[in-house]
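Heads up, the thing below is written out as structure tokens.
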Amino acid sequence: MKISAQKLCWSAGNLEIVRDVSFDVAPGEFLGIIGPNGSGKSTLLSMMAGIRKPLSGQVMLGDLPIRSIGSREIARSLAFVEQQAETAERITARQAVELGRTPYLGPLSGWSVNDDDIVDAALDNVDMADKADRLWHHLSGGERQRLHIGRALAQEPRVLLLDEPTNHLDIGHQIDLLELVRRQELTVVAALHDLNHAAMFCDRIAIMDQGRMTAIGKPAEVLTAETISTVFGVEATVAPDEDGICHVRFRAGGARRNSARKDAIS
Ligand SMILES: Nc1ncnc2c1ncn2[C@@H]1O[C@H](COP(=O)(O)OP(=O)(O)OP(=O)(O)O)[C@@H](O)[C@H]1O
Ligand SMILES: [Mg+2]
């Protein structure tokens with residue numbers, strides 16, 4: 001299923017947080033969104049998920065404006081893992097993943113063996129099957145993050161929106177998780193901070209900078225030393241590795257302060 005942003009804008013008071021952002025994500029495509037802290041990535045994703053209402057513009061989920069679709073129906077097509085996802089504490093790991101089945105349950109469609117199978121597979125996929133009976137508040141930050149992803153997979157969405165999905169994860173689980181997401185053949189939009197992970201896993205990368213989407217394209221087109229310097233204020237070299245995947249190497253002492261960055265831009 002495709003998802004599109006059409007001229008999305010969002011403001012807080014007089015402050016423009018997302019400015020006129022448009023892009024399409026094709027069915028099965030993995031789009032990474034990178035950009036400095038405060039550049040509007042989470043705000044954009046929450047509009048894409050139908051949670052935050054755009055000041056102007058619209059989000060299309062498939063062929064329909066998301067604002068015209070009921071929340072239960074959205075949840076059957078789209079799952080969103082927020083940056084600071086909360087979950088009630090007095091539940092087990094398994095129950096946290098079971099929440100993903102909520103959009104499918106109703107008076108005429110109770111919990112079934114099929115739901116159990118889907119939850120088992122999701123727990124297994126995020127490497128949490130052996131901790132399924134643990135209480136949420138006894139779990140580590142990384143284990144909770146993996147369960148949030150498990151909950152989203154249990155939702156069986158066609159579009160997956162992820163806000164910094166590798167937060168709290170050790171490097172092994174970061175790679176596992178991005179490979180897992182890739183394998184699902186879902187339409188994925190993920191805010192990522194690790195530029196090398198973005199280059200490894202994304203079909204395309206978009207850059208958010210001060211509320212605008214300033215670039216979108218294949219990793220090698222977007223991740224240039226010049227762009228990284230302009231957007232993040234960090235000196236880097238970018239070169240393809242032996243697999244042809246572009247690899248960013250940062251230079252020690254290459255970071256400039258934000259004020260210096262703004263001077264450099266103006
Ligand atoms: N409800 C709100 N009211 C006021 N300002 C807000 C609100 N929501 C977001 N902002 C501001 O909008 C800007 C963009 O926030 P957002 O969370 O979208 O950034 P981000 O790119 O996701 O950053 P990070 O990399 O730190 O997660 C920030 O300066 C934030 O303080
Ligand atoms: Mg954010």
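The values are calculated or read from the model by the stated rules, or taken from the named source; none is laboratory data. These figures come from a predicted structure and were not determined experimentally. Here the Cβ is made from the backbone with ideal geometry for all residues, glycine too, and neighbour counts use every protein chain on show.
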Listed residues Leu153, Leu192; which is within 14 Å of the chain's Cα centre (by Cα), modelled with pLDDT of 95 or more and either closer than 15 Å to Gly100 by Cβ or not assigned by TED's automatic domain parsing to the domain that holds Pro103 (or both)?
Leu153
State whether the residues of the range 154-173 include one that is touching a Ser or Thr at 6+ places or on another chain (Cβ under 7 Å) and within 16 Å of ligand 1 (Cβ to nearest atom).
yes
Given the criterion more than 16 Å from ligand 1 (Cβ to nearest atom) and on the phi > 0 side of the Ramachandran plot, identify the matching residue among Lys2, Lys7.
Lys7
Subset of the range 86-122, residues under 25 Å from Val181 (Cβ atoms) and of a type in the set (Lys, Arg), comes to Arg94, Arg101
Given (1) exposed (fewer than 15 other Cβ atoms within 10 Å of the Cβ); (2) within 19 Å of Ala190 (Cα to Cα), Phe80 misses just (1)
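Got a sec? Which of Arg76, Arg67, Arg72 is within 30 Å of Gly211 (Cβ to Cβ), charged (D, E, K, R) and under 21 Å from the mean Cα position of the chain (by Cα)? Show your work before the answer.
Values: Arg76 fails: within 30 Å of Gly211 (Cβ to Cβ); Arg72 fails: within 30 Å of Gly211 (Cβ to Cβ).
Exactly one of Arg76, Arg67, Arg72 is within 30 Å of Gly211 (Cβ to Cβ), charged (D, E, K, R) and under 21 Å from the mean Cα position of the chain (by Cα), namely Arg67.
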In this structure, is Gly57 at positive phi and either acidic (Asp, Glu) or within 11 Å of ligand 2 (Cβ to nearest atom) (or both)?
no
Which numbered condition in (1) away from ligand 1 (no atom under 16 Å from the Cβ); (2) among the hydrophobic types (A, V, I, L, M, F, W, C); (3) surrounded by 19 or more Cβ atoms within 10 Å (Cβ to Cβ) is the only one that Leu64 fails?
(3)
When (1) buried (at least 16 other Cβ atoms within 10 Å of the Cβ); (2) farther than 22 Å from Leu169 by Cβ; (3) out of contact with any helix residue (DSSP H, G or I) (no Cβ under 7 Å at 6 or more places or on another chain) are applied to Gln95, the one that fails is (2)
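Let me confirm something: among Gly50, Gly13, which residue is more than 16 Å from ligand 2 (Cβ to nearest atom) and without any contact (Cβ under 8 Å) to a residue 12 or more places away in the chain? Steps first, please.
Numbers: Gly50 fails: without any contact (Cβ under 8 Å) to a residue 12 or more places away in the chain.
The conditions single out Gly13.
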Would you check if there is a residue in the range 201-208 being surrounded by fewer than 20 Cβ atoms within 10 Å (Cβ to Cβ) and out of contact with any Lys or Arg (no Cβ under 8 Å at 6 or more places or on another chain)?
no
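Conditions (1) within 16 Å of ligand 2 (Cβ to nearest atom); (2) in the same structural domain as Ser229 (by TED's automatic domain parsing); (3) not charged (D, E, K, R), marked per residue:
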| position | (1), (2), (3) |
| --- | --- |
| Gly38 | yes, no, yes |
| Ser77 | no, no, yes |
| Glu82 | yes, no, no |
| Thr87 | no, no, yes |
| Ala93 | no, no, yes |
| Gly100 | no, no, yes |
| Leu108 | no, no, yes |
For Val231: the one exception among (1) among the hydrophobic types (A, V, I, L, M, F, W, C); (2) out of contact with any Asp or Glu (no Cβ under 6 Å at 6 or more places or on another chain); (3) under 23 Å from Lys7 (Cβ atoms)
(2)
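Taking the conditions exactly as written (surrounded by fewer than 16 Cβ atoms within 10 Å (Cβ to Cβ), in contact with a Phe, Trp or Tyr (Cβ under 6 Å, 6 or more places away or on another chain) and among the basic types (Lys, Arg)), does Arg182 satisfy them or not? Working first, answer last.
On the way: surrounded by fewer than 16 Cβ atoms within 10 Å (Cβ to Cβ): yes; in contact with a Phe, Trp or Tyr (Cβ under 6 Å, 6 or more places away or on another chain): yes; among the basic types (Lys, Arg): yes.
Against the criterion (surrounded by fewer than 16 Cβ atoms within 10 Å (Cβ to Cβ), in contact with a Phe, Trp or Tyr (Cβ under 6 Å, 6 or more places away or on another chain) and among the basic types (Lys, Arg)), Arg182 qualifies.
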